Amino acid sequence: MTETYVGSIDQGTTGTRFMLFDHDGAVVANAYERHEQLYPEPGWVEHDPRELWENTKAVVGRGLAESGVEPGQLAALGVANQRETTVVWDEETGQPVYNALVWQDRRTTDRVEELEAAGKAELIREKTGLECDAYFSATKVEWVLDNADPVRVERFRPQDVRDRAEAGELLLGTVDSWLLYKLTGNHVTDVSNAARTMLYDIHDLAWDEELLAEFDVPATMLPEVRPSVDERGYGQTDPDGFLGAAVPVTGALGDQQAAMFGQTCFDAGEAKNTYGTGSFYLMNTGDEAVASDHGLLTTVGFQRSGEPVQYALEGSIFATGAAIEWLDDVDLIDSPGETERLAREAESTDGVYVVPAFTGLGAPHWDGRARGTIVGMTRDTRREHIVRATLESIAYQTRDIAAAMEADSGVETTTLRVDGGAVDNSFLCQLLSNVLQRDIVRPRVGETTALGAAYAAGLAVGYWDSLDELREHWRVEQTFEPAFRAAEADRLYDRWTDAVERSLGWAE
């Protein structure tokens with residue numbers, strides 16, 4: 001009997017990963033490819049959707065080849081994606097009309113401030129569970145339709161981009177929709193990604209006509225919204241396409257919801273934090289959409305076919321791994337792996353605080369005009385102090401979110417499950433435990449985003465039978481316990497809040 005596997009495509013902010021998992025949830029293949037980050041103007045961040053697709057094909061092919069697995073051995077495919085990043089493309093040609101506007105992009109901050117001044121932020125929050133912010137897709141779509149240069153569009157279609165959208169010629173979606181369209185030919189998304197667009201009512205589970213009118217988005221552009229674990233399936237790959245086989249695509253989740261699923265946070269009160277380019281702390285709130293009074297987002301966690309939506313509270317931090325990348329960019333480190341050694345060389349930061357607000361601050365501050373700040377430097381400050389302060393900023397931002405999460409939910413989190421590339425750094429994990437005064441649990445399989453998308457796809461086709469079976473696969477690699485006294489953690493955190501105050505409202 002031929003062994004079968006579940007494949008997972010994890011299209012993230014800095015690169016695309018393909019992984020294969022067996023029935024035990026063990027990793028069989030892991031292939032990764034970075035893509036170019038485009039910064040055409042200060043505060044603008046773009047990706048080339050065509051590069052994302054080419055890299056997807058490349059990592060799938062390489063992962064299969066290196067593992068010796070044939071495409072026909074794939075029981076199902078799942079997709080996880082960088083959320084909010086927005087693509088508009090031509091339905092007939094399948095070509096994008098403009099680069100993807102990345103979730104970090106701040107070009108629509110003025111538009112967001114117009115909405116806030118008009119008193120529309122509360123309406124948006126009530127319907128979508130989201131803050132009115134340039135982070136989300138709605139203002140990005142609006143900008144593309146109003147500003148995409150017709151010269152950059154296929155020359156045989158020189159008419160205005162908005163005219164083409166209203167004529168039903170263009171489609172829009174987050175990156176999952178783009179990849180699902182290229183994989184299957186179907187224009188679909190899952191409920192967790194739809195919930196991140198600022199166009200979707202998370203209570204009625206439908207695209208909202210009032211918000212579509214506000215942002216002047218034609219309904220014909222929108223994808224069909226499906227469950228995250230979709231027994232009916234999003235479609236299948238073309239047997240004459242790059243895979244050479246008809247493989248069902250049955251799972252899709254925004255990357256942070258996928259990580260929550262991969263961390264087996266299936267019950268209300270269970271929480272995880274993923275440390276990638278940004279950092280995203282999610283707590284499952286069950287079938288109740290808990291409104292936040294402390295700057296968090298109310299969002300969709302996941303949905304299984306035929307079952308109610310599971311909601312989550314979320315704290316979104318824009319720069320964690322990106323802060324470590326900045327250290328590399330300015331030559332304070334030679335590689336991300338060097339941060340642990342340098343941080344250990346400094347017993348403290350000597351009062352230095354780094355606030356990595358490179359693209360504004362997310363939860364709980366929501367200040368799109370905050371900017372990166374270093375305070376407390378003296379003539380004795382060395383690079384190891386700045387490196388350590390940068391790592392500490394990740395812990396302090398997490399504590400910001402943890403405090404808001406407990407205030408909103410009434411649930412005190414004693415253990416936090418963590419994942420993402422940054423938590424390979426054990427010094428950082430210990431910092432998190434010290435600053436939060438919580439146990440930090442690092443799982444054996446660190447790529448929980450890819451794992452969650454695979455779990456979703458596999459459940460849909462019966463590769464795995466139940467959530468309980470998935471729980472049995474989850475294994476702890478290491479637990480970190482607080483080594484600071486609570487009073488010391490509080491003292492350091494209080495000065496962090498002072499540093500944050502100095503970063504707010506800087507950009508004009």
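We did not get these values from a lab; they are worked out from the coordinates using the rules stated. Just so it is clear, the model here is predicted, and its values are computed rather than measured. So basically every Cβ, Gly included, is an ideal-geometry build from the backbone, and we count neighbours across all protein chains shown.
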For the pair Asp439 and Asp465, what calculated FRET efficiency results from E = 1/(1 + (r/R0)^6), where r is the Cβ-Cβ distance and R0 = 41 Å, to the nearest 0.05?
0.85
List the aspartates and glutamates whose Cα sits under 18 Å from the Cα of Lys120, skipping any in the same chain fewer than 8 residues away.
Asp110, Glu131, Asp133, Glu142, Asp201, Asp208, Glu209, Glu210, Glu214, Asp216, Asp293, Asp367
Label 7 Å along Cα→Cβ of Glu406; segment 463-490 residues with amide nitrogen under 13 Å?
486-487, 489-490
Taking placed amide H atoms and a strict 5 Å upper bound, the residues 5 or more places from Asp105 or on another chain that come that close are Val45
List the residues, sorted by chain then number, that are 5 or more residues from Phe358 or on another chain and whose placed amide H is less than 5 Å from its amide H.
Gly372
Explain nothing, just compute: Karplus ³J(HN,Hα) = 6.51 cos²θ - 1.76 cosθ + 1.60, θ = phi - 60°, for every residue of segment 397-402 in order, whole Hz, x for Gly and Pro.
5, 5, 5, 3, 6, 4
Find out how many positive minus negative residues lie around Thr414, taking Lys and Arg as positive, Asp and Glu as negative, among other residues whose Cβ is under 9 Å from that of Thr414.
-1
Search the structure for amide H atoms under 5 Å from the amide H of Val28, placed 1.01 Å from N in the peptide plane, and list their residues when 5 or more places away or on another chain.
Leu20, Phe21, Asp22
Restricting attention to the alpha-carbon atoms of the chain, what are Rg (one decimal) and Dmax (integer), both in Å?
21.9, 69
Along the Cα-to-C-beta direction of Thr414, a point sits 7 Å from the Cα; which residues of segment 428-458 have their amide N less than 15 Å from that point?
437-441
Starting from the Cα of Val330, move 7 Å in the Cα-to-Cβ direction to define the label point; list residues of segment 364-388 whose amide nitrogen is under 14 Å from there.
371-378, 381-388
For Lys182, the lysines lying under 28 Å Cα to Cα, once residues fewer than eight places off in the same chain are dropped, come out as Lys57, Lys140
Among DSSP bridges having both ends in the chain, what percentage is antiparallel? Round to the nearest 5.
70 percent
Does segment 78-211 come out rounded, prolate or oblate by the C-alpha gyration tensor, with a ≥ b ≥ c the root eigenvalues, rounded set by a/c under 1.5 and, if not, prolate when a/b is larger than b/c and oblate if not?
oblate
At R0 = 25 Å the Cβ-Cβ FRET efficiency linking Asp48 and Asn147, nearest 0.05, sits at 0.90
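I'd like the chymotrypsin sites (Phe, Trp or Tyr not before Pro) in segment 215-322 restricted to DSSP loop residues with at most 11 other Cβ atoms within 10 Å, sorted by number. Don't skip to the answer; put the middle values down first.
Details: sites: Phe215, Tyr234, Phe242, Phe261, Phe266, Tyr275, Phe280, Tyr281, Phe302, Tyr311, Phe318; in loops: Phe215, Tyr234, Phe242, Phe266, Phe318.
Qualifying residues, ordered by number: none.
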Full extension from Glu338 to Glu92: what is 0.36 nm times the residue separation minus their Cα-Cα distance, to one decimal in nm?
83.8 nm
Dipole magnitude of the chain about its Cα centre (Cβ charges: Lys, Arg +1; Asp, Glu -1), debye to nearest 20:
920 debye
Taking a ≥ b ≥ c as the square roots of the eigenvalues of the Cα gyration tensor, with a/c under 1.5 meaning rounded and otherwise prolate when a/b exceeds b/c and oblate if not, segment 248-312 is oblate
From the square roots a ≥ b ≥ c of the eigenvalues of the alpha-carbon gyration tensor of segment 163-291, which class results: rounded (a/c under 1.5), prolate (a/b over b/c), or oblate?
oblate
Could you compute the FRET efficiency for Arg495 and Glu288, with r as their C-beta to C-beta distance and R0 at 25 Å, rounded to 0.05?
0.10
